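To start, the structure itself, in C-alpha cells.
Each value in this text was obtained by applying a stated rule to the coordinates, not by laboratory testing. Predicted, not measured: the structure shown is a model, and the values here were computed from it. Virtual Cβ from ideal backbone geometry, glycine too; neighbours counted across all protein chains shown.
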Amino acid sequence: MADRQYHFFFRLIKMSMKQSYALKAAFWLRLIFMIVSDLIMLIGWYVMFQSFHTINGWSFEDFMFMSGLNISTFSIWTLFFRGGGTYMAQWIQNGEFDHFLLSPPNVLFHASCCVSEPAGWGDFITGICLMAVSGLVTFNTFGIVLILFICAVLCFLSISFILTAINFYFKNAADLTERLFYVFFCICGYPGSIYTDWAKVILITVFPVGLISILPVEILKNMQFSSFVYLLCATAVLFLGSIFLFYRGLRRYESGNRTILRG
Amino acid sequence: MPKEVILVDQLFKSFYSSKGWFRKSLVKTDAVKNLSFSVCAGECLAFIGPNGAGKSTTVKLLTSVLYPTSGTALIDGLNPWKNRCALAHRIGVVFGQRSQLWYHLPVCDSFSLLAAAYDIPDHVAQKKWKELSEMLNIGRLWRMPVKQLSLGQRMRCEIAASLLHSPSILFLDEPTIGLDVEAKRILRDFLKKEASENGTTILLTSHDTEDIEKVCQRVLLINNGTKMLDTSVQRLKTDFLSKKYVRLIKTNGDSVRLSFDTHKQSVQSFLKQTDLNDITDITIENPPLEEIIRALYIGGEAYA
Amino acid sequence: MHKYLALMKISFITQKNEVSVLCARLFFLLLLIGIFYQFWHIVAQENQTTNLINPVDFIWYLLIGGVLQYGRGEGLHYRIEQEVKSGSIAYRMLRPISVMWAYFCEAMGTFLFRLPFFFCIGAVFLLMITGGKLPTCILDLPVIFILMLLSAVFISLCTVFIGLSTLLMQDSLPMFWFIQKAEYILGGLFFPLSFYPEWLQKIAFATPFGWVNYGVARLIYDYSFIKAVDTALHILFWIMFMIAVNTLFYRLLVRRMAINGG
C-alpha cells in the first residue's frame, strides 16, 4: 500500500511540473529572474559585511550559509509542495478543496504536491551554491548539513501547513496566511545574531522561524550537541503538530459552489 | 429485496457565520435538517429541490467532503467521515462545476494520475478507458489538452474519470449544467446503461427534469434542508397530475387549448361546459414534469 | 479625466472598509522598522564609524521608506496578471476608458489613502519609542511629503508595469520579486546608500529606485532645497519613462489580444 502511495505522489509531482513547464519560454525567463533577484540581495549583504565585517559575531560566511539553507529550503517547497500555504489557503477559503477529499491519497500531501513553480529551480541552484561556497560545509560536516537541511524542509512544510490550517478556523484568512508567510520570510532574511535573547527564544519556540535560520548556523558554528537534539525534537513536534492541526481543522471545512478548473 | 447501499439517518449540518464588528454574534444556518433516507443497490435516485435547498450539501456530506453536525450515514457499509480513503475507492463523484482534470495537460495525463491514485495498474486503466471512451464517444480526445475540450467533451471525460475505478455508487451534482441537447442525451443514455448493465447505484442532483425522467426511477425532494417528498418518478406524475391540458381541433383547422384541474373540477363538468360541436380531434395531455416540480417547489409544504 | 478621478475615489473609499488589511499592513510596517532598527542598533554598537546618522534620524528614514513600501495596494499586479491570462481584460477594453490608466488610478487611490494614514500612525509610534525626539529636518516635512506623493505616482506605474509583464513571462511574480529586491538594495531600504561603495551608489542613482526611495527618504536627515529639486526632477523623469514603457506594453497587449482573441 505504501509503495502505491509513493507511486502516486511521484506521478503527481511529475505532472504538476509538466503543467508548469507547459510554457517553456516563461520557464527560462522566470528561472533567470529568480537567480538575478537572489544575487541582487546577496550583493547588498556583501557590501554590508564589507563595511562592518561581522554583525554580532556572524560573519558573511555564516550569513551565506543561512541564506543558502533558507533559499534551498524554500525552493524545495516551491518545486514540490507549492500547493501548501497560500494556494491551499485560497482553496479552503473559496471552498475549492473537494477534489482532494474525494480521492483516496493523503489529502494534505495531495493538495500540497499538485502545484509546482518552476522558478524554484533558480532558487535551488542559488541556495546550494551559497551553502557550498560558505565554507561551513566540509567533508566532515556534510552529514550534519544534510540533516539540518531535511529538518529545515520539514519545519518549513510544517509552518506552511499551520498557516494553511488557520483558514479552517477563521473565515477570510487567506490574506492573513499570505502576510504571515511574508513576515516569516522577512525574519528569515536577517542574520540570526541581530535578535535579542528574548526574541531568539520566541523564534525557536512560539514562532519557529529560528529553526531554519538561527539554530542551524549556531549548531554548525559551535557544534553544540544539545542544540542539535533540540532541533530534531522541535522539528518532530512541529511536523506532527501541524498535521494534527490540519486534520482537526479539516472537519470544519465548508465547501463552496464556484466553477473550478484545475491549472 | 436488494441491499441498501446508502443509509442516511437524522443527518444535520449547520454552518455558522459571525456578524458585527465588535460584539460578534454567531448566526446559525441549517443547511441539512434531520434528513433520513435510504437507497438500494442499482437504484437511480434524483435529488431535487430549489436553489439553496441543501442538495449539494447532502451530496458533499455523503461523499466525505463535509463533516456533519450530527447524524449518521452508511455508504456501502462505510462511515464516510471515518473511512474516507476506503470510501473513495467505492464511490465516483462528478461535480458539474468542478474539474478533476488538469487544465493544461492532455486527458491521458490526468487519467494516468487517477489510475495511480486509485491503485489501478496501467493496463487495467487503459482497458477501462477504452470501454468508457467507446460508450461516451471520447476516444479521440485522449491526447488533447483539457483546455481545448468543449464543455460537453470535458464533462464526458469527467464522468469517465469518475468511473475509472469502477465505483459501485456514483454521485452526480448537476452533471448536465450548461450542456447542449446532444451532449445531454449521450450522458443520460450512458448513465442509464451504466445503472442497468453494471448495477451502479446513482444519486443525481439536477435542475433539468429530463435528467430525472430519463435516468431515475425515484425522486427525493428537499427544501430548506428537510425532506419534502420521497416517491417514484412514475407516482410523482400520477399523484400530482391534477392538471390536464386538452387540445381541441375544429373542422376548420383551428385548435383550442384548454386546461382544468381535476381536484377542483370533475371531468364531467368540464366536458359539459365545453363546446364539443365541430370538433374533429381531441388530445389530452399531462403537464410536463417541470411544471409538477415547480408546483411542488412553490407549495412544497403542502405535500410534506 | 472625470471618470479617472471617480475610479481613484472608489479605491480610496474601499480602503476605509478594509480595516483588517490596513491594521495588518501597519503592524508589519512597524515590525519591519523594529527589526531594521534592532539591526542598525547592533551594527552601530559594534562599529563606531557608523555614527554618521543618529538613531532618531535613521528610524525616521526607515519610516519614509517603509511607508512607500507598504502604502501601495497589494495584489493589483496579481489581478492584472489574472485578467491578462484569462483574457477578461478584453471585456474591460470595451469600456470607453484606457485600461492602463484605470489600473493606475486604482493603485493611486489606495496610495492616497494609506500614505498619510500610515505616516501619521508611524510617526506617533516613532515618537513613542524615541521618547519624543524629532528628526533633524522636521520642518521640511511638507516638502518631503510632496516628494513622497511623486514617488507614489512612480510606484503605482511600476505596479501596473509588473502586472503587464505577464505578457513576457506568463506570470508577474518573478518581475515582482526582482523589482522588490532591486528596490530594497538600490533604494536603500536596506541601509542608506551613503554607506555603499561608490560603484554601487552610481548604479543605484542610475536606476529609478535610488531617487524614488532613497532620494526622498534621505531628506529627513540631509535636507537642502537643491537636493529636493534634484530629486523631484529625477523622479519626474522616471515617471515619464515608466509611462512610455507601460504604453508600449499596453499597445503590445492590445495587438496580441487582437490576434489571440483574448
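If R0 is taken as 30 Å, the Cβ-Cβ distance between C:Tyr78 and C:Thr207 corresponds to a FRET efficiency of 0.80. Annotation: peptides A:52-63, B:159-170, B:133-144, ranked by per-residue average of other Cβ atoms within 10 Å with the highest first, follow the order B:159-170, A:52-63, B:133-144. Taking the average, over residues, of other Cβ atoms within 10 Å as the packing measure, peptides A:164-173, C:58-67 rank C:58-67, A:164-173 from highest down.
For the residues of A:29-41, the average number of beta carbons from a partner chain within 10 Å of their own beta carbon is 5. Look at the stretch A:102-113: the mean tally of other chain Cβ atoms within 10 Å of its residues' Cβ atoms is 4. Comparing Cα centroids, segment C:177-197 and segment B:100-146 end up 51 angstrom apart. Using Cβ point charges alone (K and R +1, D and E -1), the dipole size of chain A about the Cα centre works out to roughly 740 debye. For segment B:143-230, the relative contact order is 26 percent, taking Cα pairs closer than 8 Å that sit 6 or more residues apart in sequence and dividing their mean separation by the residue count.
Counted by Cβ distance under 9 Å from B:Asp173, the other residues give a net charge of +2, where Lys and Arg count +1 and Asp and Glu count -1.
Shielding by partners for peptide A:67-79, expressed as the average number of C-beta atoms from other protein chains within 10 Å of each residue's C-beta, is 0. Rounded to the nearest 500, the helix-only mean residue ellipticity at 222 nm of chain A stands at -23500 deg cm²/dmol, with each DSSP H run of n ≥ 4 adding -39,500 (n - 2.57). Entry note, chain C: the mean residue ellipticity at 222 nm calculated from DSSP H runs of n ≥ 4, each adding -39500 (n - 2.57), is -25000 deg cm²/dmol after division by the residues and rounding to the nearest 500. For the protein assembly as shown, what is the percent of antiparallel DSSP beta bridges, rounded to the nearest 5? If I count the DSSP bridges inside the protein assembly as shown, around 65 percent turn out antiparallel. Label positions at B:Thr274 and A:Gln224, each projected 7 Å from the Cα along the C-beta direction, are separated by 9.6 nm. Dividing the summed -39500 (n - 2.57) terms of all DSSP H runs of n ≥ 4 by the residue count of chain B sets its mean residue ellipticity at 222 nm at -10000 deg cm²/dmol. Once backbone amide H atoms are built at 1.01 Å from N, B:Arg98 has A:Ile260 as its partners under 5 Å, excluding neighbours fewer than 5 places away on the same chain. Placing pseudo-labels 7 Å out from each Cα toward the beta carbon at B:Tyr245 and A:Phe142 gives an inter-label distance of 8.3 nm. Between C:Ser98 and A:Val201, the modelled label-to-label distance comes to 5.9 nm, taking each label 7 Å out from Cα in the direction of the beta carbon. Please compute the net charge surrounding B:Ser259, taking Lys and Arg as +1 and Asp and Glu as -1 over other residues with Cβ under 12 Å from its Cβ. Taking every other residue near B:Ser259 into account, the sum is +2.
Each peptide in C:6-13, B:255-262 was scored by the mean count of other Cβ atoms within 10 Å over its residues; highest first, the order is C:6-13, B:255-262.
Once the C-beta distance of B:Gln217 and A:Ser51 is scaled by a Förster radius of 56 Å, the resulting FRET efficiency is 0.10 to the nearest 0.05. Based on Cα contacts under 8 Å between residues 6+ apart, chain C shows a relative contact order of 26 percent. Placing unit charges on each Cβ (+1 for Lys and Arg, -1 for Asp and Glu) gives segment C:2-260 a dipole about its Cα centre, and among C:Ser20, C:Ala90, C:Met240 the Cα reaching farthest toward its positive end belongs to C:Ala90.
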